Each structure stands twice: as structure tokens, then as C-alpha cells.
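The values are calculated or read from the model by the stated rules, or taken from the named source; none is laboratory data. Keep in mind the model is a prediction, meaning the values are calculated, not measured. Don't worry about glycine lacking a Cβ; one is built from the backbone with ideal geometry, like all the others, and counts go over all protein chains shown. Keep in mind that these areas ignore ligands, DNA and RNA; they rest on the heavy atoms of the full protein, side chains included. Shrake-Rupley method; radii C 1.70, N 1.55, O 1.52, S 1.80 Å.
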Amino acid sequence: MKHALVVGSTGVIGGAIARHLARAGDWRVTCATRGGSAPAGAQGLAVDLLDPASVRSAAAALAPVTHVFYAAYQHRPTRTEEVAPNLAMLRHAIDLGEAQPGALQRFVLVTGGKYYGLQWGAIKTPARETDPRHLGPNFYYAQQDHLAERAAAAGWTWSHLIPPYVTGFSERAPMNLVMAIGVLATLSREQGLPLRFPGPAASWNALHHLADADQIAAAAAWCATGATAANEIFNIANGDPGRWRNSWPVVAGHFDLAAGEPMPVPLTQVAAELAPLWRRIAEREDLRQPDLHALVDWQWADYMFKTAFSNDVLFELGKIRRAGFGGCLDSEAALLGRFEELRQQRLIPRSR
């Protein structure tokens, strides 16, 4: 049986990968987290990837790993400060994969649109895997270079997936687009208001790709064993791009709300104002998280709607399709499914 070590399983992408592999039935799945937690069907490994002693101790207790799936991230105040800890975690994840010599076959790295410079503003579209890098700092570049060097030296292979904006579920990931929209819809319905798009007209009209976590997980599983995925970088997204001006009415209708035109309200101030209202809703509806600021990083949500979505973000998807991965999701259907997941988890109220 293949043995997968999943790093970052408390996040949106890593959690989806762990659950996907566990459901497949032909994988042994171990999740490396600081607390040793794991989803159903997987086992946990308690390890701090920023502590070499913790990594050595975990490696001694780890069964031979055939595949590593890496989707972890450490936030730091600046892009420069992000490089060292995120490179160190990747390096130590490789150490865990190589703990039993000769066992590791492939390492699957998942990064994101910052690989193309989304954090700095508008990018070339469609973004292609062969596009030249921008000037640093960019910890994704450090990770990719180190991964390729280690693989070449040891004889195993790697794959690298680059998704754009990600949708999915994780209670421990407050940088979560689905959660932000679900909370805004709940607060709007409570006050009898339409669901207004909280960004400017540029974000309302721009084209963008989304990547659901389940789509990324399916692609990661394919990368792990596909011969054509060895030592390759692939973009991954749901399928066709969309515009919020078309998708927003669908989202609003799912919550039985009218769709409002763009109004770029400051979400950090909205959250501060409506935190008491959310607490009352949570108590009345028996929701699991009454703290509005624990659910969503509102500064991040403000950035997403006002800045990130204000430019076209299109990824060329031909390379991964030609290599053999044909998965395709409807982004609007995937979004609605995620809202239902939040309801099932009692994080937003059930539909009336």
C-alpha cells in the first residue's frame, strides 16, 4: 500500500488531500501537524516542522513514506520574512519523506497564484507554467528550487501544482473565501438586506479562475502516480473562468437574498460593528463559533474583494489536460456545495 505523508492537513488544501486519499482506500495516510490531529481514515503525526529536534523524533517513529503531499504555509509580516520559515518547513518535510532510504517515490508540492506575482498586482494572463519568474522575494521559488535539487540528488521525482483562488473548508483557516461570503450572507439576511458585493466595480467585472480544494486534491492524487506528472509544474483550476457579476446572483439566490450591486465597504469595520449581532445569531441557531473574528480574517477578505479580484486572473490549463488529468468542476456548483458544508458543520445557520 502507498503511504502518503500529508503536510498542511489542517488547512483547506491539505485537509482536502488527506480526505481524498483516505477515501480512495489504497493509501495509508499520515498527517503531519503540530498537534497530531488527522481526519477520519488517516493517522496523525505530531511534529513541529520548524524544530529540527521534533522532526528527528517524528522521523524515527514514521513508517516508510512513498509519497509526500505538501500544502503548508507560515505567515510572516513581510514577503522577505516568509522565505526562511517556509523553506525550512519544506526542507524538513523532505527529511521526513527520506527518513527511510529508498522509500520515497514522489513529492507533490502545492503552492498558489503568488508564484506568478499576484501579491504584487496584475499579472500576465493567461498565466503559463513557463512564464519567467518575477524579482524576489518569493518563498515559492525557494521551495521549488530546493525541491528539484533534493529530488535530483536522491533519485525520487516531484510534481508542483499551482492553483489560483481556492475555495474549500477548514475550521482552522480564517483566510477562507467561502466562509467570508457565508457569514456576509447570514448577516445580510438577518437585517433584511440584499447581499451586496463588497468590492469595487473592477472586482465585479474582472475574469477569474477558482480552484475548489477537491479539484486540487484530485489533481494531487493524479500527480502522485502519473508518469507524465514527474518533475513537472502544472496549473490547476476548476475549469472555465467566471465573473462575480454573473456568479454573485447565483450565490445570493442560494441564501434567498437579492443580489446587490458592488459596494466596497470596509469589511474590517463591518465585522467590528456586527460582531455582537453574529454572537446573538450563533446563540439562537446553536452555531459552533460565536466569535466573528475567529471565523474570518477580515483584513484578508477586504484585500481579496477590493484588490485581488480587481484584475483578470486566468491560468492556462492546457498542460495538465494534455498530460492526462481531465477533472473539471462547475465553479458555481462547487461554491454552493461549500455553503451547504458550512451549514452541516453548524458554522452558518441552516436554510429557512
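Each Cα pair under 8 Å and six or more residues apart adds its separation to the average, and for the chain the resulting relative contact order is 18 percent. Distance between the 7 Å Cα→Cβ label points at ASN311 and SER54: 3.6 nm. Computed from backbone phi with θ = phi - 60° and the Karplus coefficients 6.51, -1.76 and 1.60, the 3J(HN,Hα) list for the range 89-98 is 5, 4, 4, 6, 5, 5, 4, 5, x, 9 Hz; x is used for glycine and proline.
Of the whole protein surface, LYS2 contributes about 50 Å² of accessible area at a 1.4 Å probe radius. Rolling a 1.4 Å probe across all protein chains gives THR111 an accessible area of roughly 10 Å². Taking the protein heavy atoms of the chain in the context of the full set of protein chains, the accessible area attributed to carbon and sulfur is 51 percent at 1.4 Å. Taking amide hydrogens as placed 1.01 Å from N in the peptide plane, the amide H of SER159 sits under 5 Å from those of PHE107, VAL108, LEU109, ASN231, each at least 5 positions away in sequence or on another chain.
Taking SER159, SER331 and ordering them by how much accessible surface each has at a 1.4 Å probe, largest first, produces SER331, SER159. Averaged per residue, the chain has 41 square angstrom of accessible surface, using a 1.4 angstrom probe with ligands and nucleic acids left out.
Legend: residues HIS75, HIS254, sorted from most to least accessible area (1.4 Å probe; ligands, DNA and RNA excluded), read HIS75, HIS254. When only Cα pairs below 8 angstrom with a gap of at least 6 residues are kept, the range 1-150 shows a relative contact order of 21 percent. Against the chain, whose longest principal axis is taken from its Cα atoms, helix 213-225 shows a tilt of about 10°. How much accessible area does THR130 have with a 1.4 Å probe, in Å² rounded to the nearest 10? Per-residue accessible area (THR130): approximately 110 Å².
Roughly what angle does helix 267-285 make with the longest principal axis of the chain, taking Cα atoms, 0 to 90 degrees, to the nearest 10? That helix lies at roughly 90 degrees to the long axis.
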